[in-house]
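The values are calculated or read from the model by the stated rules, or taken from the named source; none is laboratory data. The model shown is predicted, which means the values in this text are computed figures rather than measured ones. Counting neighbours? That spans all protein chains shown, and the Cβs are built from the backbone with ideal geometry, glycine included. We work out accessible area using only protein heavy atoms, side chains counted, and drop any ligands, DNA or RNA first. Shrake-Rupley method; radii C 1.70, N 1.55, O 1.52, S 1.80 Å.
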Amino acid sequence: MADEATRKAVSQIPLLKTNAGPRDRTLWPQRLKEEYQALIHFVEQNKAADNDWFRLESNPDGTRWTGTCWFIHELLRYEFQIEFDIPVTYPDTAPEVAVPELDGKTAKMYRGGKICLTDHFAPLWARNVPRFGLAHLMALGLGPWLAVEIPDLISKGIVQREKRGNTYL
């Protein structure tokens, strides 16, 4: 299970109240507002703890999200593009986060670069519908996945830093 630091961090992410998905035209804007507030709170919390590790933005209707995440390993930063769509059955179904550039590089990933969250994160999400949102997806889904998979992929030489201009990513 999660360590005490993770539990503390997640306990500080606001729980969401509105049980609505993108098909619910009347309540979806309220849910989306709660999502943004929780994400902002989580990012601010991470920055205060010197643990800033992702950026997200959505399309105007909040159904398609893109951004970047990064992982620091042995004082080197590895950066990846991330993307996901909000399922039509949201919040009953958690979004599937994809890291397209890692597609096919680990067994803990599905076609299209979607990370595997079924064993650990999906049951937790199901127990917490509709209180969990995108900030929880990042904190309890993508974050732990990166922490396990990226060092392994680096040690195997599968993931390497690439140089873009004068900086390494």
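Of all the listed residues (GLU44, GLU57), the sole one being under 13 Å from the mean Cα position of the chain (by Cα), farther than 25 Å from SER155 by Cα and without any contact (Cβ under 8 Å) to a residue 40 or more places away in the chain is GLU57. Selection of segment 31-41 for residues being open to solvent by 20 Å² or more (accessible area, probe 1.4 Å) and basic (Lys, Arg) yields only LYS33.
The residues of segment 109-125 that are out of contact with any Leu (no Cβ under 9 Å at 6 or more places or on another chain) and either in contact (Cβ under 8 Å) with a residue 12 or more places away in the chain or surrounded by 22 or more Cβ atoms within 10 Å (Cβ to Cβ) (or both), listed by number, are TYR110, GLY112, LYS114, CYS116, ALA122. Restricting the search to strands (runs of 3 or more DSSP E) fully inside segment 1-85 and requiring at least 2 residues that are at pLDDT below 95 and not aliphatic (A, V, I, L, M) gives 64-73, 76-85. Of the residues ARG64, ARG25, the single one that is open to solvent by 80 Å² or more (accessible area, probe 1.4 Å), under 14 Å from the mean Cα position of the chain (by Cα) and under 19 Å from ASP85 (Cβ atoms) is ARG64. Checking the stated criteria, TYR78 turns out not to satisfy the condition of being open to solvent by 80 Å² or more (accessible area, probe 1.4 Å) and under 16 Å from the mean Cα position of the chain (by Cα). Remark: GLU44 falls outside the filter, which requires a residue to be buried (at least 17 other Cβ atoms within 10 Å of the Cβ), under 14 Å from ALA135 (Cβ atoms) and acidic (Asp, Glu).
The set of residues in segment 86-105 that are touching a Leu at 6+ places or on another chain (Cβ under 8 Å), in contact (Cβ under 8 Å) with a residue 40 or more places away in the chain and either open to solvent by 80 Å² or more (accessible area, probe 1.4 Å) or part of a loop (DSSP other than H, G, I, E, B) (or both) comprises PRO91, ALA94, PRO95, VAL97, LYS105.
For segment 139-162, the criterion of a residue being assigned to a helix (DSSP H, G or I), under 16 Å from the mean Cα position of the chain (by Cα) and among the β-branched types (Val, Ile, Thr) is satisfied by at least one position.
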